[in-house]
Amino acid sequence: MARRVWGLSKKKANYKPAPEPGVRCDQCTYMFPPVALGGCRLVRGLIQASATCDEFRRRPRS
Ligand code: SF4
């Protein structure tokens, strides 16, 4: 079953600055749009491209 959209707070998701480029939100399948400041399908609120969280999942290459 799909996860609930916006079901997580930043605190619960352990949202924080990304320690390395490969795990940035703009590399994550859940960020939309993947621009400097956007949204996330799982975590509520404004999401920075340079952040990350425990739910990170790499965006498939297109
Ligand atoms: S790393 Fe976390 S906050 Fe960032 S886009 Fe992915 S799921 Fe959302």
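Total residues in region 1-36 satisfying the condition of being of a type in the set (D, E, K, R), surrounded by fewer than 11 Cβ atoms within 10 Å (Cβ to Cβ) and within 15 Å of S50 (Cβ to Cβ): the figure is 1. When region 1-35 is filtered for residues that are touching a residue at least 12 places away in the same chain (Cβ under 8 Å), under 20 Å from P60 (Cα atoms) and part of a strand (DSSP E or B), the ones remaining, listed by number, are C28, M31. Restricting the search to region 37-58, which residues are in contact with a strand residue (DSSP E or B) (Cβ under 7 Å, 6 or more places away or on another chain), part of a loop (DSSP other than H, G, I, E, B) and exposed (fewer than 13 other Cβ atoms within 10 Å of the Cβ)? Within region 37-58, L46, R57 meet the criteria.
Readers should treat all values here as calculations from the given coordinates under stated rules, not as data from a laboratory. Since we're looking at a predicted model, the values are computed, not measured. As a convention, Cβ positions derive from the backbone with ideal geometry for all residues, glycine included, and neighbour counts pool all protein chains shown.
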